[in-house]
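The values are calculated or read from the model by the stated rules, or taken from the named source; none is laboratory data. Remember, predicted model here, so these are calculated numbers, not experimental data. In this analysis, Cβ positions are derived from the backbone assuming ideal geometry, glycine residues included, and neighbour counts consider all displayed protein chains. Surface accessibility is based on the protein's heavy atoms, side chains included, excluding ligands, DNA and RNA. Shrake-Rupley method; radii C 1.70, N 1.55, O 1.52, S 1.80 Å.
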Amino acid sequence: MVSDYHKILEQTREFFLTGKTKDVEFRINSLKKLRQTITKRNQEIMGALEKDFGKCEFETFATEIMSSLDEINMAIRNLHSWVKPRKVRTPLIHFKASSRIYYEPFGTVLVISAWNYPFQLTMNPLIGALAAGNCCIVKPSEMSPNTSKLMAEIVAECFPEDYCTVVEGGVEETTLLLKEKFDFIHYTGSTRVGKIIARAAAEHLTPVALEMGGKSPCIVDKTADIEISARRIAWGKFMNAGQTCVAPDYLIVHRDVKDALLKAFKERIHNFYGDEPEQSSDYCRIINQKHFDRLSSFLDQGTIITGGKANRENLYIEPTIIDDITWNDPVMQEEIFGPILPVMEYQDLTAVIDMIHSHEKPLALYFFSKNKKDQKKIIHDVSFGGGCINTTILHTGNPYLPFGGVGNSGIGNYHGKWSFETFSHPKSIFDKSLMVDPKLPYPPYGHKLKFLKMMYR
Ligand code: NAD
């Protein structure tokens with residue numbers, strides 16, 4: 001039986017073959033249309049995220065809408081220069097010739113996204129795919145249904161179905177989609193499902209970018225500015241109620257400053273969300289009961305420094321800091337993905353690096369320190385997707401930086417020009433002049449080997 005998805009894909013392929021998407025002006029107009037619709041419907045977008053998990057308007061605007069508008073603006077501004085064939089050097093031995101890289105779209109791209117930043121994690125890869133001249137089928141997460149439905153409407157308002165469309169649904173729908181042969185798949189989600197996506201893609205030899213998660217360490221050394229560190233860590237951890245792939249997952253703090261830092265955290269959290277964070281309109285909820293139950297099971301571990309309250313009825317978990325945690329505790333066995341920050345202490349930075357190396361490569365790492373030598377050591381010695389010195393999360397907000405993981409936390413990257421490159425095939429063209437045709441490469445080779453050897457002495 002031919003599935004509906006097969007038909008959608010066939011239509012999309014036909015659209016791609018018309019060549020319309022290869023025209024840069026067509027792409028720019030598409031992005032402009034998307035920008036206009038997002039701007040027009042921004043209040044509805046904020047409403048959808050509020051319904052999905054109580055995300056406040058400020059955070060939705062700052063971390064979702066602005067992020068996508070920045071991506072669109074950057075692509076519109078730079079597309080003419082990005083698409084230009086890039087001239088590269090040609091070794092003298094190939095005289096006389098020139099070499100260029102042409103960026104061509106893959107064709108039809110499948111974007112599968114996660115629920116935790118449901119708008120930007122769907123729109124940003126879509127923007128990259130369209131800027132690079134692809135057609136696109138988008139599958140948002142079923143766990144944020146209001147945003148998923150709204151994005152389906154927005155895309156339908158902007159584009160003909162055979163150019164770009166949203167398929168809503170969960171595991172069943174994604175499984176059916178993955179049976180089809182796409183030209184590229186961009187996936188955001190857990191590492192467990194990432195492996196399922198990679199296996200399905202391998203069946204068709206489809207290239208992938210996998211944006212996944214993991215446990216991202218946050219290290220505070222004894223030279224760190226304690227007040228600023230507490231504020232920036234608490235901000236990055238409790239925004240979106242900790243449901244951020246690059247949130248600091250756990251804290252490793254130097255023994256000498258631990259008490260001061262924990263005290264500063266209490267004050268920061270109180271300043272951010274008041275006496276009762278449950279009443280704060282700036283603090284969002286856990287996405288569903290399954291995640292609530294998983295997270296609340298961590299609350300009886302270690303010693304709670306602040307927080308610890310939970311309410312299953314409204315899926316609320318208080319911003320929580322837990323001390324006296326070891327690597328053997330359940331909270332350290334998986335990515336937390338919620339507003340719970342376990343704390344461990346250290347004395348020797350090298351031992352911390354060894355400990356990080358004994359686990360999967362993190363998506364992000366944050367180092368708070370004034371010691372330039374140790375900052376360099378962390379950047380040089382530890383492998384992780386990306387990170388920050390003396391702050392959290394912000395490396396993902398700069399479209400001039402590639403965003404992606406390494407090892408278990410991801411394959412490939414995107415944002416800004418990196419998105420354009422991810423969604424393009426760099427086609428190499430070697431253009432040989434007809435003016436001269438040196439005889440060196442052609443048989444009979446005779447004594448020509450001597451000449452080659454001389455060149456490589
Ligand atoms: P998830 O893996 O449960 O789901 C992601 C997507 O995969 C959804 O669209 C879902 O419908 C689909 N899916 C789920 N199960 C599937 C299956 N069996 N077969 C095919 N498709 C399936 O992830 P999530 O809960 O939405 O997101 C949380 C995870 O994503 C965390 O690990 C987080 O770190 C990671 N994440 C990473 C980034 C990043 O940019 N690196 C961003 C956000 C979230």
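Below, the figures for the structure above:
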{"quantity": "Among (1) open to solvent by less than 70 Å² (accessible area, probe 1.4 Å); (2) in contact with an Asp or Glu (Cβ under 8 Å, 6 or more places away or on another chain), the one test that residue 57 misses", "calculated": "(1)"}
{"quantity": "Filter pass, residue 261 being free of Cβ contacts under 8 Å to residues at least 60 places away in the same chain, closer than 24 Å to residue 347 by Cβ, buried (at least 19 other Cβ atoms within 10 Å of the Cβ) and in the same structural domain as residue 313 (by TED's automatic domain parsing)", "calculated": "yes"}
{"quantity": "Of all residues making up the range 209-229, the number that are within 11 Å of the ligand (Cβ to nearest atom) and either assigned to a helix (DSSP H, G or I) or open to solvent by 30 Å² or more (accessible area, probe 1.4 Å) (or both)", "calculated": "1"}
{"quantity": "Residue within the range 28-35 that is closer than 30 Å to residue 235 by Cα, open to solvent by 10 Å² or more (accessible area, probe 1.4 Å) and part of a helix (DSSP H, G or I) present", "calculated": "yes"}
{"quantity": "Residue tally, condition open to solvent by 10 Å² or more (accessible area, probe 1.4 Å) and either outside any loop (DSSP other than H, G, I, E, B) or in contact with a Phe, Trp or Tyr (Cβ under 7 Å, 6 or more places away or on another chain) (or both), over the range 320-352", "calculated": "8"}
{"quantity": "Qualifying residue in the range 191-208 (condition: under 20 Å from residue 64 (Cβ atoms), β-branched (Val, Ile, Thr) and either over 21 Å from the mean Cα position of the chain (by Cα) or open to solvent by less than 50 Å² (accessible area, probe 1.4 Å) (or both))", "calculated": "no"}
{"quantity": "Residue 177 being free of Cβ contacts under 8 Å to residues at least 12 places away in the same chain and either basic (Lys, Arg) or outside the structural domain of residue 388 (by TED's automatic domain parsing) (or both)", "calculated": "no"}
{"quantity": "Output for the range 119-139, where each listed residue is touching a Pro at 6+ places or on another chain (Cβ under 6 Å) and either open to solvent by 10 Å² or more (accessible area, probe 1.4 Å) or within 13 Å of the ligand (Cβ to nearest atom) (or both)", "calculated": "122"}
{"quantity": "Lone unmet requirement of (1) in contact with a Ser or Thr (Cβ under 8 Å, 6 or more places away or on another chain); (2) within 10 Å of the ligand (Cβ to nearest atom); (3) of a type outside the set (Phe, Trp, Tyr) for residue 197", "calculated": "(1)"}
{"quantity": "Residue list for the range 160-183, filter: farther than 27 Å from residue 55 by Cα, open to solvent by 10 Å² or more (accessible area, probe 1.4 Å) and either at pLDDT below 95 or among the hydrophobic types (A, V, I, L, M, F, W, C) (or both)", "calculated": "176, 178"}
{"quantity": "Residue within the range 144-156 that is within 15 Å of the ligand (Cβ to nearest atom), within 17 Å of the chain's Cα centre (by Cα) and hydrophobic (A, V, I, L, M, F, W, C) present", "calculated": "no"}
{"quantity": "Of the criteria (1) within 15 Å of the ligand (Cβ to nearest atom); (2) within 29 Å of residue 421 (Cα to Cα); (3) part of a loop (DSSP other than H, G, I, E, B), which one residue 160 fails", "calculated": "(1)"}
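Per-residue answers, yes or no, for (1) surrounded by fewer than 16 Cβ atoms within 10 Å (Cβ to Cβ); (2) not assigned by TED's automatic domain parsing to the domain that holds residue 185:
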| position | (1), (2) |
| --- | --- |
| 361 | no, yes |
| 368 | no, yes |
| 373 | yes, yes |
| 378 | no, yes |
| 387 | no, yes |
| 411 | no, no |
| 416 | no, no |
| 439 | yes, yes |
